[in-house]
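The structure appears right after this line, and notes come after that.
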Amino acid sequence: MEFITLRTITSDLLKIIRASNISSSETISIRQLEDWVHQYRAVLLKRDLDKGRRPNPDYIQEINHLRLNPVETVGDDIAAERNESLTYRYKTILTVPKTLDLHYRSGFTHIGTPMGEEIQLVPESRSQFQEYKKYTNKSRLCYLRNGYIYVVNDFPLEFIAVRGIFEIPSEVGRFVNPVTDQPYFNLDTKYPIPANMVPDLKSMILQKELQIEVAAPTDNTNNQANDVLQ
């Protein structure tokens, strides 16, 4: 079964727009359609998740090898003599895509080590006092600052794995899987939306942005390229 991609959604929209013979149809670019798709996907997903429901797996994208740079290592010779763990601090090399702004939960569904161990996401203010706590000073944690993820860990790390509901799915394409040497997102990868939401997505774009009324939202897909403005 063929899955839904950003290319197939925008291609379907373009066919409907051109068939409607609206005066602006030839000036609407694929890039504009992509922006609308991301925008209305965010509206639909936020509407669903703000009701307190569990995230549909189709909402989630994954970056398995998010590279880190060391920031500092906290510890001293006394700690080494006592066989105590040092505290390692890291920062992602790249900013991470912005997640949806949700009322009831973080837009990140998992942050962890490559071995699958979870790293708890906390406010930055809490991380500053973590090493002084008696029972949880060795807990793995991370926090966000200016779009970067900072990690505090008790052993060295080179990568972290991140899963989340990202506001603009195409931003995940900035990251490359070092195993396959392919970006984690492109026009032909699975678009992070369930199939049952696609007709509503298309209908919202056509009606709200282009004032095209549709009797029933289309759910056709195709893989043909269209020559339009980029």
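The values are calculated or read from the model by the stated rules, or taken from the named source; none is laboratory data. All of these numbers come straight from a predicted model, not from anything done at the bench. So basically every Cβ, Gly included, is an ideal-geometry build from the backbone, and we count neighbours across all protein chains shown.
Across segment 175-190, the qualifying residues are those that are farther than 19 Å from His110 by Cα and not β-branched (Val, Ile, Thr), and the one among them that is surrounded by the fewest Cβ atoms within 10 Å (Cβ to Cβ) is Asp181. Scanning segment 1-45 for residues that are modelled with pLDDT of 95 or more, assigned to a helix (DSSP H, G or I) and surrounded by fewer than 20 Cβ atoms within 10 Å (Cβ to Cβ) gives Glu34, Asp35, His38, Gln39, Ala42, Val43, Leu44. Within segment 150-170, being surrounded by fewer than 18 Cβ atoms within 10 Å (Cβ to Cβ) and of a type in the set (D, E, K, R) holds for Asp154, Glu158, Arg163. Just the residues that are in a loop (DSSP other than H, G, I, E, B) and more than 12 Å from Thr5 (Cβ to Cβ), please, taken from segment 177-200. Matches in segment 177-200: Pro178, Val179, Thr180, Asp181, Tyr184, Pro194.
With the condition kept exactly as written, say whether any residue in segment 70-93 is within 18 Å of the chain's Cα centre (by Cα) and either at pLDDT below 95 or assigned to a loop (DSSP other than H, G, I, E, B) (or both). Yes, the conditions are met somewhere in segment 70-93.
Let's see how each residue does on (1) farther than 26 Å from Arg54 by Cα; (2) at pLDDT below 90; (3) over 16 Å from the mean Cα position of the chain (by Cα):
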site	(1), (2), (3)
Leu102	no, yes, no
Leu121	no, no, no
Ser125	yes, yes, yes
Asp154	yes, yes, yes
Phe159	yes, no, yes
Val162	no, no, no
Arg174	yes, no, no
Pro183	yes, no, no
